[in-house]
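Heads up, the thing below is written out as structure tokens.
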Amino acid sequence: MSERPGVLDGVRVLDLSRWIAGEYATKLFGDFGAQVIKVEKPGEGSHTRRWGPFPGDRPDPERSALFLHLNTNKRSIALDLTDPADREVLLQLVSGADAVVESFRPGALERLDLGPEVLLRQNPRLVITRISAFGQTGPRAGHEATGIVLQATGGPMNATGGAGRPPQRKPGNLEHYTIGRTAGEATMAGLFAARRNGSGSVIDVSGQEVLLSGADRRASYLMSHAFSGWIPPRGVRSAHRFGTTFTGPFPAADGYVMLYVTTKDFWNRLVRLVGGDDEAFLAKYLDREALGEDWDEFDAHVRGWFAPRGKIEIMERGEAARIPITALLEVPEVLAHPHFRERGAFVRADHPVAGALEYTGAPWRMAGGFALLRTAPLLNGDGADIRAELAAGSPPPTRWRLSTSQPLANCDER
Amino acid sequence: MTGVTKVNYLESAPEPPLTTNSVGTDQRRPAAELPLAGIRVVDLTVVWSGPGATALLGDLGAEVIRLEGNNRMSRQASARVTRESFRASGYHGGTYPDRTPEPRPYDRTALFAWHARNKLSACCNLETPEGRQAALDLLAVSDVLVENNSNGTLEKLGLGHELLLQHNPRLVIARMPPMGMTGPMSNYLGYGPNFNSLVGIAAMDGYEGEPPDSAGENYHMDEAAPAGLAFAVLAALWDRENTGSGGLIEFSQAEAVMAEVGEFVIDAQLNDRAPAIRGNTDPHLLQDVFETARDDRWVVLSIRDDRDWAALTDAMAGLGEPDPADRRVLTDGNSAEGRRLHSRRLRDEIARWVRTRTADQVVEQLQAVGVPAGEVMAEDRLLADEHLAAREWFVSRSHPAVGRHRFPGHPWRADGFDLAFGRPLPSFGEDNDYVYTEVLGYPAERYQDLKRRKLVTDEQFA
């Protein structure tokens with residue numbers, strides 16, 4: 001628990017999203033002190049409530065691990081956006097909000113007569129962050145997408161996977177989180193713009209463009225192609241490097257390790273580690289610039305050295321020799337690992353339905369940073385409170401932007 | 001003005017865009033200011049996650065100054081790289097314009113250019129007393145420091161965050177140690193794939209039913225860190241308005257990315273299990289990647305529900321009479337349970353159909369009936385893509401070091417304020433004059449002395 005208000009205390013965010021990217025964007029705000037209200041469809045709620053995983057794989061909207069994870073530090077109100085009275089509630093919430101995050105299909109808010117013009121008329125300083133697969137405009141704006149469609153069209157998927165094998169996507173829901181984190185950053189930028197300029201904004205977050213501009217080599221690949229026409233191939237790790245590289249997962253006795261030798265220093269250390277006292281081996285492989293026909297022989301030697309040893313032992317031996325080798329930890333092993341336990345990387349909290357669970361904690365640490373003040377809300381769990389607050393005319397209790405009229409300080413003003 | 005306006009980097013506009021910082025001598029202020037106009041960021045980052053983060057701060061209008069040593073590689077390219085060394089190692093050279101590193105490889109690599117937009121470059125050798133002093137002087141008049149060096153590097157240079165905060169209590173200092181600054185593994189060596197493996201991501205990555213194998217260039221931690229770091233810096237600057245104080249952001253990249261498997265962390269507690277390796281499949285969707293009529297051109301598609309399935313099978317049936325056996329196979333997909341049980345067989349049927357079609361045909365036909373589908377896009381296809389062209393995503397820019405090219409655009413756009421996209425990259429030391437004489441205010445003789453002693457140069461030696 002933080003001893004001081006979170007850094008975003010007083011910032012009010014409305015979460016109209018129903019899927020991972022939008023919910024992760026607003027989670028970042030809630031976890032760092034902002035007041036986040038989640039607007040959900042009556043009786044059904046967010047899509048992440050139906051996704052799971054669930055205890056015993058039995059669907060339950062209050063026990064979906066995905067929803068529980070993504071909606072910490074938020075309150076929930078159920079509103080039927082086609083109902084005039086509920087729509088009025090939404091507009092009142094918009095009046096008191098600093099930002100709205102939505103991820104409806106392009107055009108859906110407009111069809112509800114809740115498009116940006118309507119919302120900005122209600123609150124001219126509002127930041128409206130719109131997350132979609134391909135952006136709000138352009139010939140593909142109406143295209144349907146899932147995570148793998150986003151990875152195929154935006155991510156480096158063409159270059160991931162084995163040589164001569166199909167392209168391979170990244171696992172889990174990683175692409176949605178990347179897009180959501182970026183939408184959170186964009187929303188923060190919009191808040192700064194509103195603070196400086198006194199006016200709101202409409203932010204267009206295209207999932208495809210987020211991935212295209214990303215550091216997972218996609219942007220640098222696009223740059224490379226513009227520079228030289230090069231298209232990175234599949235099946236080559238670190239295709240942008242040259243010189244001796246020897247990388248990848250290798251089987252250990254009890255799992256796998258990830259080896260990432262990309263420099264001559266690392267290479268020589270690896271040769272010494274797996275070569276031991278074998279003078280002929282050392283003489284053959286030390287100081288090599290590249291492997292040629294003897295790749296298979298060297299590879300077999302490394303595999304032979306790893307195979308009988310445990311993954312943790314290999315990692316410790318590698319670290320002692322200053323070689324980048326790490327164990328592939330399964331999620332339950334991560335949860336139990338002394339490094340993360342000692343750092344307090346997980347936080348325990350009690351949810352009224354799901355019970356006591358540990359959640360991933362601070363994504364980064366700072367004064368007034370991450371605090372898990374409340375677990376994910378029950379569907380419409382705060383509806384009555386929020387309606388009562390609106391009836392009492394209570395917002396805005398914290399209108400930071402009215403009390404801070406100066407522009408942000410910069411070094412000129414110090 | 002800074003060096004940013006010496007060359008017109010835009011295609012045709014007569015005036016520079018609203019991209020230069022407003023610190024310094026330029027007093028023109030646009031009607032709507034960039035979100036971070038007037039904020040100065042000192043960039044001591046090295047590779048990928050760090051420079052990716054400062055690029056985002058530059059997009060928002062911050063003045064990002066990279067301090068780069070002339071005696072070490074700060075741009076992932078050595079001054080000694082040549083076409084000859086490419087030939088010796090068999091390297092394809094494709095990350096350089098025309099596959100040519102000369103004459104200044106460190107100005108010419110795509111690995112630098114992808115993140116270097118809007119940044120300034122000043123030469124500074126931090127391990128020399130003069131370099132350290134210049135860094136301290138700069139940090140005294142700056143708002144943010146971002147670094148992603150190994151733990152302890154700044155301390156060894158006498159630039160630890162505690163000392164810097166004594167110097168300038170308003171400074172926001174973002175440090176990006178992969179495993180954090182404390183804990184038993186905090187000093188472990190590694191790259192993105194290594195740390196992905198320590199937070200559970202690598203163990204779930206691989207082809208369906210096969211041993212784990214991170215998908216080629218899947219570093220993911222590098223992908224995840226930049227926007228998180230930029231959010232953190234923005235939150236700290238926001239907070240500084242209330243407290244008047246900067247402070248430390250400890251950005252453990254592994255813990256930042258761990259949130260992306262947060263649902264599996266909960267699942268592990270609920271069901272005592274680890275996520276399976278699913279390749280291109282998904283537990284909730286019938287999906288895969290399929291080769292089209294053209295070799296090595298692939299499409300992906302997902303079936304979310306019965307409606308998607310009906311739309312897909314209608315599309316498949318419309319192409320000719322499937323034989324009765326095919327029909328029976330396809331009816332197995334009429335329910336979610338059937339699609340789960342018969343996933344492999346159904347995907348084989350889809351694969352046969354896709355193999356007779358072009359990528360454009362498959363995507364257009366399925367999107368027309370609301371089924372999620374897309375092509376696995378190679379770089380040449382993206383640069384020619386009409387959707388991205390309509391959205392004007394690529395941006396044509398030129399710089400004497402690399403020539404004119406189309407650069408990747410911003411990750412998002414706003415109606416209501418601008419984002420910066422001016423000079424595409426700085427040559428090494430291109431902004432020495434501005435930083436040393438205007439920002440630091442060094443007298444001419446002091447600056448000339450540093451240059452004479454090769455402590456400040458506009459070329460790199462390492």
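A simple charge model with +1 on the Cβ of Lys and Arg, -1 on the Cβ of Asp and Glu and nothing else charged puts the dipole of chain B at about 1200 debye relative to its Cα centre.
For the stretch B:286-376, the dipole from Cβ point charges (+1 on Lys and Arg, -1 on Asp and Glu) about the Cα centre works out to 200 debye, to the nearest 20. Once you sort the root eigenvalues of the Cα gyration tensor of the protein assembly as shown as a ≥ b ≥ c, which label holds: rounded (a/c under 1.5), prolate (a/b larger than b/c) or oblate (the other case)? The shape class here is rounded. Output the pairs from A:Lys38/A:Lys170; B:Lys156/B:Lys454; B:Lys119/B:Lys451; A:Lys27/A:Lys170; B:Lys156/B:Lys451 with a Cα-Cα distance over 27 Å in this structure; if there are none, say none. Checking Cα-Cα distances, A:Lys38/A:Lys170 exceed 27 Å. Rounded to the nearest 10 degrees, the angle from helix B:359-368 to the longest Cα principal axis of chain B is 80 degrees. Sorting B:Met73, B:Met316 by solvent-accessible area of protein heavy atoms yields B:Met73, B:Met316, largest first, with a 1.4 Å probe. For the protein assembly as shown, the residue among A:Leu222, A:Ile131, A:Ala159 whose Cα projects farthest onto the positive side of the dipole built from Cβ charges is A:Leu222. The residue among B:Pro275, B:Gly416, B:Gly160 whose Cα reaches farthest toward the positive pole of the charge dipole of chain B, with charges on the beta-carbon of Lys, Arg, Asp and Glu, is B:Gly160.
Beta bridges assigned by DSSP with both partners in chain A are antiparallel in approximately 40 percent of cases.
From the alpha carbon centroid of the stretch A:193-209 to that of the stretch A:1-70 is 22 Å.
Helix-only arithmetic for the protein assembly as shown: the sum of -39500 (n - 2.57) across DSSP H runs with n ≥ 4, divided by the residue total, places the mean residue ellipticity at 222 nm at -10000 deg cm²/dmol.
Exposed loop GluC sites (Glu not before Pro) only (DSSP loop, at most 15 other Cβ atoms within 10 Å): please give the longest stretch of chain A free of them, not including the sites.
On the way: sites that count: A:Glu3, A:Glu44, A:Glu289, A:Glu293.
Of all site-free stretches, the longest is A:45-288.
Seen against the Cα atoms of chain A and their longest principal axis, helix A:295-306 is set at about 70 degrees. Considering only A:Gln208, B:Gln460, A:Thr326, and ranking their Cα positions along the charge dipole of the protein assembly as shown that arises from unit charges at the beta-carbon of Lys, Arg, Asp and Glu, the one farthest toward the positive end is B:Gln460.
At 1.4 Å probe size, with every protein chain present, just tell me what the per residue accessible area of the protein assembly as shown comes to in Å².
On the way: 30390 Å² over 876 residues.
Per-residue value: 35 Å².
Note down the magnitude of the dipole of the stretch A:243-334 about its Cα centre, charges +1 on Lys and Arg C-beta and -1 on Asp and Glu C-beta and zero elsewhere, to the nearest 20 debye. Walk me through the numbers before you get to the answer.
Values: 10 positive and 17 negative charges, 46 e Å.
In debye, rounded to 20, the stretch A:243-334 gives about 220.
Enumerate by residue number the GluC sites (Glu not before Pro) in the stretch B:171-226 meeting two conditions: DSSP loop (anything except H, G, I, E, B), and at most 15 other Cβ atoms within 10 Å of the site's Cβ. All intermediate terms of the calculation are to be shown ahead of the outcome.
Values: sites: B:Glu208, B:Glu217, B:Glu223; in loops: B:Glu208, B:Glu217.
The qualifying sites are B:Glu208.
Here the 3J(HN,Hα) profile of the stretch B:399-414, calculated from phi with Karplus coefficients 6.51, -1.76 and 1.60 at θ = phi - 60°, is 8, x, 6, 10, x, 8, 8, 8, 9, x, x, 6, x, 7, 9, 10 Hz, Gly and Pro shown as x.
The values are calculated or read from the model by the stated rules, or taken from the named source; none is laboratory data. Remember, it's a predicted structure, so these values are computed and weren't measured experimentally. Reconstructed Cβ throughout: ideal geometry from the backbone, glycine too, with neighbour counts over all protein chains shown. Remember, those area values only see protein heavy atoms, side chains included, never the ligands or the DNA or RNA. Shrake-Rupley method; radii C 1.70, N 1.55, O 1.52, S 1.80 Å.
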